[in-house]
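Values quoted throughout were computed directly from the atomic coordinates according to the rules given, and no laboratory measurement underlies them. Computed from a prediction, not measured in an experiment: that's the story for all the values here. Every residue, glycine among them, receives a Cβ derived from its backbone with ideal geometry; neighbour counts consider all protein chains shown.
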Amino acid sequence: MALLTALMIGSTALKIGTGYLNAKNQTKALAEQKAIQAKELKKSILARTGAQRASYLASGLTLEGTPMEVIKDTYDAGYEDLKQLQSNYKRTSRNIMGSFYSNAMGDIASTGMGMSDFGGGLANTAGTTETTSFRSVF
């Protein structure tokens, strides 16, 4: 019975360890993807505002008053987009790790319940004197 217990615990530990590594790898890949998206978004914002400046100057306008307000609004909208990207990344990363922890706790609980099925009377909590042992199950 000790061997079976050790195998069950070892199997659960391996499953949890693998799950942790997978979750960490997912969040790392997500961080890399977010960095690429943020870089592309920053380039897009700079390109948009540069095009606005060039258009205003080509039209003979000075970069004062309304043209500057439009450019500022473009920067502000881009900044909000970057903040939203960061927020989405953090939420998704928390969800990935939260899912891992939830699954790990379920695995631990499941292993504990499975081990109680093999102990003499451990699975019996209804107050009767009937016992179940490993040998009687097979």
What is the gain in length, in nm to one decimal, between residue 18 and residue 30 on full extension, counting 0.36 nm per residue of separation less the C-alpha to C-alpha distance?
2.5 nm
Ascending count of other beta-carbon atoms within 10 Å, so fewest first, for 3, 46, 14:
3, 14, 46
How do 11, 87 line up, fewest other C-beta atoms within 10 Å first?
87, 11
Give me the one-decimal nm value for the distance between modelled label points at residue 97 and residue 11, 7 Å along each residue's Cα-to-Cβ direction.
3.0 nm
Using the number of other C-beta atoms within 10 angstrom as an exposure proxy, rank 76, 107 with the fewest first.
76, 107
Given a Förster radius of 25 Å and the C-beta distance between residue 83 and residue 51 as r, what FRET efficiency does 1/(1 + (r/R0)^6) yield to the nearest 0.05?
0.60
